[in-house]
1. Give the residues of the range 155-172 that are touching a strand residue (DSSP E or B) at 6+ places or on another chain (Cβ under 7 Å) and open to solvent by less than 10 Å² (accessible area, probe 1.4 Å), sorted by residue number.
2. Among the listed residues A74, A86, identify the single one that is within 16 Å of L37 (Cβ to Cβ) and outside any helix (DSSP H, G or I).
3. What are the residues in the range 173-198 that are open to solvent by 50 Å² or more (accessible area, probe 1.4 Å) and either touching a residue at least 12 places away in the same chain (Cβ under 8 Å) or not assigned by the TED database to the domain that holds D211 (or both), if any?
4. State whether one or more residues within the range 114-123 are modelled with pLDDT of 95 or more, assigned to a helix (DSSP H, G or I) and under 17 Å from the mean Cα position of the chain (by Cα).
5. With the requirement that a residue be of a type outside the set (V, I, T) and closer than 20 Å to G17 by Cβ, what does the range 112-130 give you?
6. Step by step: first the residues of the range 1-20, then only those that are part of a helix (DSSP H, G or I) and among the β-branched types (V, I, T), then the one that is most open to solvent (accessible area, probe 1.4 Å). Which residue is that?
7. Within the range 64-73, how many residues turn out to be surrounded by fewer than 20 Cβ atoms within 10 Å (Cβ to Cβ) and in contact with a strand residue (DSSP E or B) (Cβ under 8 Å, 6 or more places away or on another chain)?
8. Yes or no: the range 231-238 includes at least one residue that is open to solvent by 30 Å² or more (accessible area, probe 1.4 Å) and touching a His at 6+ places or on another chain (Cβ under 8 Å).
Amino acid sequence: MEKGYRIAVVGATGAVGTKMIEMLEDTTLPIASVKLLASKRSAGKTREFKGKTLTIEELVPDSFNEVDLALFSAGGGISKIFAPEAVKRGAVVVDNTSHFRMDPDVPLVVPEVNPEALKQHKGIIANPNCSTIQMMVALEPIRQKAGLKRIIVSTYQAVSGAGAKAIEELKQEATDLLAGKTKEELNPQILPAGSDKKHYPIAFNALPQIDVFAEDDYTYEEWKMINETHKIMADNAIKVAATCVRIPVVSGHSESIYLETEKQLTPQAVKDLLAQAPGVTLQDDPSQQIYPQALNSVDQKATFVGRIRRDLDVETGLHMWVVSDNLLKGAAWNSVQIAETLHEMNLVRVPK
């Protein structure tokens, strides 16, 4: 066997799982082998990895025998059952679902923000929500320099965050409407939330609901952004409010963020900070109409930040626009980055 880690990808046929495989092809991790796992109906299909054809295997508990690192992206119910099984067999799990995120015993990690949290892992590390990740990457350098008192974020989220079927629904609805069908003739099944009572078209629309509604009429997506921010930044005193909106974009989440710092920073000081920040690409020149765009973020690992400007009424208030590929930095790339950081910090079993 080659020297390196034996890696398993759970949910290998999904949108994020496919991107995880792509990210592993480009990783600095030493890899001995890659095992692709999915449901019984996907078993037997093949995927290419570094010029080799890999056959997808059915996910069972013993799939994790002789696995060092397991990347999960197959739904919270699958993670609940199989992540502990993987750990029991000696693997370290990086889980891309929401199941373990708020578990106090599970680190919730964005490598540019809180890599030290990995030292506390007990076999499972949670990957944050896609919309939270890009916000953390953009705001952590500011928090380090000037403190954070308040965040108000409005998201403009791509349909790929709801899965491959949501992408197809968007494309079909757009085709139908352009062909002359009325909105009443459409038959939405997925958005705004597959498990909710009603479904609405997303083509040429904006839906102010991602996931189902929960406490105080915030959706679960909005509560994720609030709670995960507090956990990642280890500061429950930061006031956070979110409004999450689905828009008819295939990939690339955009966010309008208002923040209040403890110490006043000029917009130029923020630009200078972010220009040097890990994982950030500054795109901010209004005179040349340069600012982040969802379309330009696709297949890019960076978090793009622009439209940085002062608030006109609050001295310590700032506004910014943040964009990232939700399938990469928001999911697959952040997961692989966590694995790379585990390796760098010697927190995975030593490769044989």
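1. T155, Q157, A158, V159
2. A74
3. Listed by number, the residues that qualify are K183, Q189, G194, S195.
4. Applying the first criterion (modelled with pLDDT of 95 or more) to the range 114-123 yields 114-123.
Subset that is assigned to a helix (DSSP H, G or I): 115-120.
Now drop any that are not under 17 Å from the mean Cα position of the chain (by Cα), which leaves 115.
Yes; the residues of the range 114-123 include at least one that is modelled with pLDDT of 95 or more, assigned to a helix (DSSP H, G or I) and under 17 Å from the mean Cα position of the chain (by Cα).
5. Scanning the range 112-130 gives A126, N127, P128, N129, C130.
6. Checked the range 1-20; the qualifying residue most open to solvent (accessible area, probe 1.4 Å) is T18.
7. Adding up the residues that qualify gives 1.
8. Scanning the range 231-238 turns up at least one residue that is open to solvent by 30 Å² or more (accessible area, probe 1.4 Å) and touching a His at 6+ places or on another chain (Cβ under 8 Å).
The values are calculated or read from the model by the stated rules, or taken from the named source; none is laboratory data. Just so it is clear, the model here is predicted, and its values are computed rather than measured. Virtual Cβ from ideal backbone geometry, glycine too; neighbours counted across all protein chains shown. In case anyone asks, the SASA skips ligands and DNA or RNA and just uses the protein heavy atoms, side chains included. Shrake-Rupley method; radii C 1.70, N 1.55, O 1.52, S 1.80 Å.
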